[in-house]
Amino acid sequence: MNPLESWQEEQGSAFLYRVCAEAETDGTRAELFRRLAGEAEAQGAIWRAQLTARGHPPPPPYLPDRRTRLVAALVRRVGPRRMRAVLAAMKVRGMSVYGSAPVRDPGHAAPTASTGIEHRHRGLGGGGNLRAAVFGVNDGLISNASLILGIAGANPDPQVVLLTGVAGMCAGAFAMAAGEYVSVRSQRELFEYQIGLERDELAQYPEAEAQELALIYVAKGLPPDEAKRLADGIIADPEHALDTLAREELGLNPDELGSPWGAAISSFLSFAAGALLPLAPFLLAPGPNALPIAVGVVALALFGVGALLSLFTGRNGWYSGLRMLALGAIAGGVTYLIGRIAGVSLG
């Protein structure tokens with residue numbers, strides 16, 4: 001690891017910690033960021049000493065670069081909670097304090113690889129894949145049904161509607177797959193890069209890493225002595241420590257990263273399945289009745305999707321189904337009306 005780059009990273013982290021402390025309204029979290037700023041500067045001093053020990057001149061006074069200044073300005077404006085993903089990528093630790101419940105009972109270990117509280121398309125424990133599939137079907141259903149209704153309003157020719165629907169299904173499915181691939185791939189790259197930094201830092205100054213972890217546990221509610229004992233025990237096992245640091249310092253859950261290709265294929269298939277439903281009547285029963293049949297199929301599917309989502313929200317299934325049906329009806333009705341107006345004006 002290049003000592004100059006490491007020194008610059010620690011100085012940038014310290015700068016952003018202080019910005020977070022100034023912007024944070026919660027006193028406990030503000031104190032956490034102030035103390036983490038001190039830890040980052042102490043770690044920066046270690047890298048500075050290594051630099052001069054190798055015969056290099058000491059680095060000039062730190063000046064934040066353009067990216068760091070931009071992130072700082074955004075943190076001051078919207079607060080660190082809303083910027084936690086960006087801050088984690090900028091080597092600002094402790095973002096997990098915004099995503100998990102406080103640890104109050106010293107008799108129970110703070111969240112680690114096996115006890116951590118798990119963080120629209122992924123998440124919620126073992127039901128995450130089902131939830132993502134339901135949302136993918138819903139996205140394809142509403143977007144392609146709205147597109148078909150808009151085109152039908154402008155030109156009721158079933159062949160035109162069918163061609164448009166197929167194009168919408170393919171374009172939407174590929175767009176969703178590409179977006180999901182980039183999202184998961186970027187998340188994995190961030191995790192791999194940050195874990196590489198943590199591995200180097202654990203080798204260079206494990207005591208400082210233990211101190212950072214203890215500060216985070218204190219901010220979550222553990223007494224200082226219990227937090228220090230727990231952090232020291234975790235850091236003593238390097239591989240376990242890396243997993244815990246990913247969760248507690250970076251706010252990342254290695255178990256939720258998944259495969260970029262798997263996420264892309266799943267997103268493609270679920271979106272295509274939803275988009276195919278309003279197309280089916282035009283494929284199976286082309287003619288003047290295809291559109292009203294498609295409307296009926298879409299209405300039933302929307303209600304079913306809404307009712308299924310109640311499994312994840314805890315709301316009444318009838319309420320969730322009717323709400324989804326109403327939202328889909330608004331989207332389809334508006335696009336149909338726009339199509340009618342456009343068809344008349346262009347005709």
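Numbers for the structure displayed
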| read-out | value |
| --- | --- |
| Pair list, Cβ < 9 Å and 6+ apart or interchain, from segment 234-247 residues that are of a type in the set (Phe, Trp, Tyr) to residues that are open to solvent by 20 Å² or more (accessible area, probe 1.4 Å) and at pLDDT 75 or above | none |
| In segment 126-136, the residues that are open to solvent by less than 50 Å² (accessible area, probe 1.4 Å) and either more than 18 Å from residue 170 (Cβ to Cβ) or at pLDDT 90 or above (or both) | 127, 128, 131, 132, 133, 134, 135 |
| Residues of segment 284-306 classified as among the hydrophobic types (A, V, I, L, M, F, W, C), open to solvent by 30 Å² or more (accessible area, probe 1.4 Å) and at pLDDT below 90, total | 3 |
| Given (1) surrounded by fewer than 14 Cβ atoms within 10 Å (Cβ to Cβ); (2) more than 23 Å from the chain's Cα centre (by Cα), index of the condition residue 340 fails | (1) |
| Filtered residue count, segment 2-26, keeping only those that are β-branched (Val, Ile, Thr), open to solvent by 70 Å² or more (accessible area, probe 1.4 Å) and closer than 19 Å to residue 66 by Cα | 0 |
| Residues within segment 72-87 that are surrounded by fewer than 20 Cβ atoms within 10 Å (Cβ to Cβ) and within 21 Å of residue 244 (Cα to Cα), tallied | 3 |
| Of all residues in segment 225-259 being at pLDDT 80 or above and farther than 18 Å from residue 205 by Cα, the one that is nearest to the chain's Cα centre (by Cα) | 259 |
| Residues located in segment 138-178, provided they are in a loop (DSSP other than H, G, I, E, B) and surrounded by 23 or more Cβ atoms within 10 Å (Cβ to Cβ) | none |
| Residue identified as within 21 Å of residue 142 (Cα to Cα) and touching a Gly at 6+ places or on another chain (Cβ under 7 Å) among 301, 273, 331, 280 | 273 |
| Spans of helices (runs of 4 or more DSSP H) in segment 20-112 with at least 3 residues modelled with pLDDT of 90 or more | 27-53, 66-78 |
| Every residue from segment 308-320 that is open to solvent by 30 Å² or more (accessible area, probe 1.4 Å), farther than 20 Å from residue 280 by Cβ and part of a helix (DSSP H, G or I) | 311, 312, 313, 318, 319 |
| Total residues in segment 162-198, condition out of contact with any helix residue (DSSP H, G or I) (no Cβ under 6 Å at 6 or more places or on another chain) and among the basic types (Lys, Arg) | 1 |
| Filter pass, residue 55 being on the phi > 0 side of the Ramachandran plot and surrounded by fewer than 19 Cβ atoms within 10 Å (Cβ to Cβ) | yes |
| Given (1) more than 31 Å from the chain's Cα centre (by Cα); (2) open to solvent by 80 Å² or more (accessible area, probe 1.4 Å), number of the condition residue 323 does not satisfy | (1) |
| Yes/no for residue 211 being polar (S, T, N, Q), farther than 30 Å from residue 140 by Cα and crowded, with 17+ Cβ neighbours inside 10 Å | yes |
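The values are calculated or read from the model by the stated rules, or taken from the named source; none is laboratory data. As the structure is a prediction and not an experimental result, all values here were calculated from the model. Backbone-built Cβ (ideal geometry, glycine too); neighbour counts: all protein chains shown. These accessible areas exclude ligands, DNA and RNA; they are computed on the full protein's heavy atoms, side chains included. Shrake-Rupley method; radii C 1.70, N 1.55, O 1.52, S 1.80 Å.
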